[in-house]
1. With each pseudo-label sitting 7 Å past Cα toward Cβ, what's the THR86-GLN102 distance in nm, one decimal?
2. Show me 275-287, 84-96 ranked by packing, highest mean number of other Cβ atoms within 10 Å first.
3. Residues of the stretch 241-281 with amide nitrogen under 11 Å from the 7 Å Cα-to-Cβ point of LYS141?
4. Given the stretch 60-125, report the % of alpha carbon pairs whose separation exceeds 13 Å.
5. Given the Cα-Cα distance of GLN41 and GLN223 and 0.36 nm per residue of separation, how much length would full extension add, in nm?
6. What is the local net charge at LEU93, summed over the other residues whose Cβ is closer than 12 Å to its Cβ (Lys, Arg +1; Asp, Glu -1)?
7. Which FRET efficiency value, to the nearest 0.05, is calculated for GLN198 and SER120 with the Förster distance at 25 angstrom and r the Cβ-Cβ distance?
8. Hey, rough spin-label estimate for ARG253 and GLU24, points 7 angstrom out along Cα→Cβ, what's it come to in nanometres?
Amino acid sequence: MNKVLIITFSNDNECIETVTHHLEKLGAKVIRFNVDLYPTQYALSSVYENGQWQVSLDHNDQQETLHDVTAVWFRRCHHLANELYTVLEKEYLPSVTGDVQQTLFGMLEGFGCFSIGSYSMYRRLESKEEQLKIATGLGLKVPDTCISNHPEGVIAKMQSSFALYREGKEHVVFTNIVRPDDIVQLENLQYCPMQFQQKIEKTVELRVTIVGDQVFAFAVDSQQMENARTDWRKEGIALLEQWQPYTLPERIREQLLQLTETYQINYGAIDIIVDPAGDYYFLEINAAGEYFWLDRVVDGQISAQIAKVLCGQAYRRYYQPSDVRKETLLV
């Protein structure tokens, strides 16, 4: 029987329940690990004894063995160890949360089973520069780009952080146009390098979700709303019902599949701009990009495909662990 571990957090969206439903229909056992409740409400143990590794997860007086999981979905790791902030004094938090992070990610990276996503892959995909270099190497168009702490006259976006936090509140940082009035403030960027890109006129914006070898493409007309023209996410809720399935040119489709092959990933959410001349511009690929609102458009097909890949019933990119690693696992 397939046994699937889902790494997420308590307030994740509907996609967890949807994928769980499809996994259970395929006969799999599903274990959900909410990392925001670790280590206060979860106990994670990894033991090497008598030549074998045993890994267990305890929660609500129930223990699950993890060394025998057949697949992992590293969906989200938001708010890891969040409850520690309520039980520890401030000076202890950096060292304790560091050990918590190292323990969890060390355990996950040490699994000898198939995984959609991993901490190490997420770290690699944080490099927007590498993404753009690989994309251009595959023949995809990208906007003229400058990553610097001395830019001017272009589109500005954060490279890593999606939001800033002030007084406990999240303030999302969207993509913005650098205007002449902003130039006088750019000297402050000496302390925080950012990514700057040529502004591309848009006819539509695309979100392409790839799961295994299946490509799900969708389009939205972000230019119909003034506030969404630079970044559709500023009007994400208003545009939620306006996304439609989109047929990619075969060349673009194959190039995007080659991109996932290059990274050896089984899930990727890709942002693309189509300009008035019909040219396609690759912006970025996100290893854990959201898809739930697009899943509704296609009656859950994306979640169903994720479940099939996790259960080995659909194509997946999988480097088989060495026999040495497998022999040390208790199965």
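1. The two pseudo-label positions are separated by 2.8 nm.
2. So the order, starting with the most tightly packed, is 275-287, 84-96.
3. Inside the label zone: 273-281.
4. Every Cα pair in the stretch 60-125 considered, those over 13 Å come to 71 percent.
5. Details: separation 182, 0.36 × 182 = 65.52 nm, distance 4.61 nm.
Roughly 60.9 nm would be gained on extension.
6. On the way: positive: LYS90; negative: GLU83, GLU89, GLU91, ASP99.
Charge balance near LEU93 sits at -3.
7. Details: r = 31 Å, r/R0 = 1.26.
FRET efficiency, GLN198 to SER120: 0.20.
8. 3.4 nm
Computed from the coordinates by the stated procedures, all read-outs in this text should not be read as laboratory data. Quantities reported herein were computed from a predicted structural model and do not represent experimental measurements. As a convention, Cβ positions derive from the backbone with ideal geometry for all residues, glycine included, and neighbour counts pool all protein chains shown.
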